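Enquirer: The structure that follows is given in the form of structure tokens.
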Amino acid sequence: MAWFKRTEKGIQTPTEDKKDVPKGLWYKSPTGKIVDAEELARNFYVSPEDGYHVRIGSKEYFKILFDDNEYTELNPNITSKDTLKFVDTKKYDDRLKDAMEKTKLKDAVRTAVGKSKGKELVIACMDFAFIGGSMGAVVGEKIARGIDYSIKNKVPFLMISKSGGARMMEAAYSLMQLAKTSAKLAQLADAKIPYISLCTDPTTGGTTASYAMLGDINISEPGALIGFAGPRVVKDTTGKELPEGFQTAEFVMEHGFLDFITPRKELKDKVNLYLDLILNQPVR
């Protein structure tokens, strides 16, 4: 005789009544490690079990890099326009509205100025949550204005890239941002103001083809995907098997495209160390 016997068949529990672990209490890394969400946040969103760097956005990076999380956001209210009246599975205008509502962001990059280890720093940080961190006219404009602020006030510039590349819904307007941001960085170099580029997971497409690889020092977080076309596209195009670790930060550094790989918990110290060395000033 069974311990339990169902006396009524076809019992259905409405989805809203089903009991489950509330979302956000636990995080499972790609290697299968389970981490408490609060512990993950205390550890700079890096899994303590395997060192996996979880994707984070501008809010978290600003908290990590700016002293006491105090900063002034630059040009916070610039938003994209659907100039081309672009439509794919939905109207671009509707996609923008949905992204803004879902992420509470105005576009895929935020720029801010504040003190990091006591000295001013301008940071432009991309948000992958906003349409895959895609680069449109607003992204290019905000980065350009951030660089202008650096030049005018003689403040070092840090770019944190996290992007799938150019935003197809803006077509050539998007592609123009590669040249625009690269030209602005040339002006920054002429003014002898340091520029550090931090590549995070993923840094691909037009981002890699422009500002992400133009730093005085190019650094990355461990394990980040960095490339132009994705591994699958490269494999299908070349018809060849790709080497192990292809397009990881470690592979890219081994082949000379990165200067350093910096774990997130060391990021603030390392960025400021590099700036002190470039500026030939006492190390903080």
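Enquirer: Restricting to region 166-214, name every residue that is in contact with a Pro (Cβ under 9 Å, 6 or more places away or on another chain) and either under 29 Å from V54 (Cα atoms) or not assigned by the TED database to the domain that holds P231 (or both).
Expert: P194, Y195, I196
Enquirer: So which residues in region 160-203 are closer than 24 Å to Q281 by Cβ and of a type in the set (V, I, T)?
Expert: The answer is I160, I193, I196.
Enquirer: Are any residues in region 144-172 buried (at least 22 other Cβ atoms within 10 Å of the Cβ) and among the basic types (K, R), and if so, which ones?
Expert: Correct list: K162, R167.
Enquirer: While we're looking at this one, here's another question. Examine region 62-76 for a residue that is in a loop (DSSP other than H, G, I, E, B), free of Cβ contacts under 8 Å to residues at least 24 places away in the same chain and more than 19 Å from the chain's Cα centre (by Cα), and state whether such a residue exists.
Expert: no
Enquirer: If you don't mind, another one. Inspect region 267-282 for any residue being part of a helix (DSSP H, G or I), at pLDDT 95 or above and either touching a His at 6+ places or on another chain (Cβ under 7 Å) or among the basic types (K, R) (or both) and give the result as yes or no.
Expert: yes
Enquirer: Mind listing just one residue for me: the one in region 243-275 that is in contact with a Pro (Cβ under 7 Å, 6 or more places away or on another chain) and free of Cβ contacts under 8 Å to residues at least 40 places away in the same chain and, of those, surrounded by the fewest Cβ atoms within 10 Å (Cβ to Cβ)?
Expert: F246
Enquirer: Does Q247 qualify as being in the same structural domain as L65 (by the TED database), out of contact with any Lys or Arg (no Cβ under 9 Å at 6 or more places or on another chain) and either at pLDDT 95 or above or over 25 Å from V109 (Cβ atoms) (or both)?
Expert: No, not satisfied.
Enquirer: Within region 240-266, which residues are farther than 14 Å from I217 by Cα and part of a loop (DSSP other than H, G, I, E, B)?
Expert: K240, E241, L242, P243, E244, G245, F246, Q247, H255, P263
Enquirer: Another question about this same structure. Part of a loop (DSSP other than H, G, I, E, B), at pLDDT below 95 and on the phi < 0 side of the Ramachandran plot: does that describe T79?
Expert: No, not satisfied.
Enquirer: If you don't mind, another one. Conditions: (1) in contact (Cβ under 8 Å) with a residue 12 or more places away in the chain; (2) open to solvent by 50 Å² or more (accessible area, probe 1.4 Å); (3) within 21 Å of the chain's Cα centre (by Cα). E120 meets all but one. Number of the miss?
Expert: Exception for E120: condition (3).
Enquirer: Could you identify the single residue in G136, G132 that is open to solvent by 10 Å² or more (accessible area, probe 1.4 Å), within 30 Å of D82 (Cβ to Cβ) and touching a residue at least 24 places away in the same chain (Cβ under 8 Å)?
Expert: Exactly one of G136, G132 is open to solvent by 10 Å² or more (accessible area, probe 1.4 Å), within 30 Å of D82 (Cβ to Cβ) and touching a residue at least 24 places away in the same chain (Cβ under 8 Å), namely G132.
Enquirer: Next up: Just one of the numbered conditions (1) assigned to a helix (DSSP H, G or I); (2) open to solvent by 70 Å² or more (accessible area, probe 1.4 Å); (3) at pLDDT 95 or above is not true of T237; which one?
Expert: (3)
Enquirer: Which ones in region 82-101 are touching a residue at least 24 places away in the same chain (Cβ under 8 Å) and either in a loop (DSSP other than H, G, I, E, B) or among the acidic types (D, E) (or both)?
Expert: Within region 82-101, D82, T83, L84, F86, D88 qualify.
Enquirer: Kindly provide the set of residues from region 217-227 that are open to solvent by less than 10 Å² (accessible area, probe 1.4 Å) and in contact (Cβ under 8 Å) with a residue 40 or more places away in the chain, ordered by number.
Expert: I219, S220, E221, A224
Enquirer: Tell me which residues, restricted to region 31-50, are of a type in the set (D, E) and either assigned to a loop (DSSP other than H, G, I, E, B) or within 18 Å of T262 (Cα to Cα) (or both).
Expert: Result: E49, D50.
Here's the yes/no breakdown for (1) crowded, with 19+ Cβ neighbours inside 10 Å; (2) more than 22 Å from K142 (Cβ to Cβ):
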position	(1), (2)
Q177	yes, no
S182	no, no
I193	yes, no
L198	yes, no
D201	yes, no
G206	yes, no
Y211	yes, no
G215	yes, no
A229	no, yes
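The values are calculated or read from the model by the stated rules, or taken from the named source; none is laboratory data. Computed from a prediction, not measured in an experiment: that's the story for all the values here. Cβ sites come from the backbone with ideal geometry, for glycine too, and all protein chains shown count toward neighbours. The area values use the complete protein model at the heavy-atom level, side chains included, leaving out ligands, DNA and RNA. Shrake-Rupley method; radii C 1.70, N 1.55, O 1.52, S 1.80 Å.
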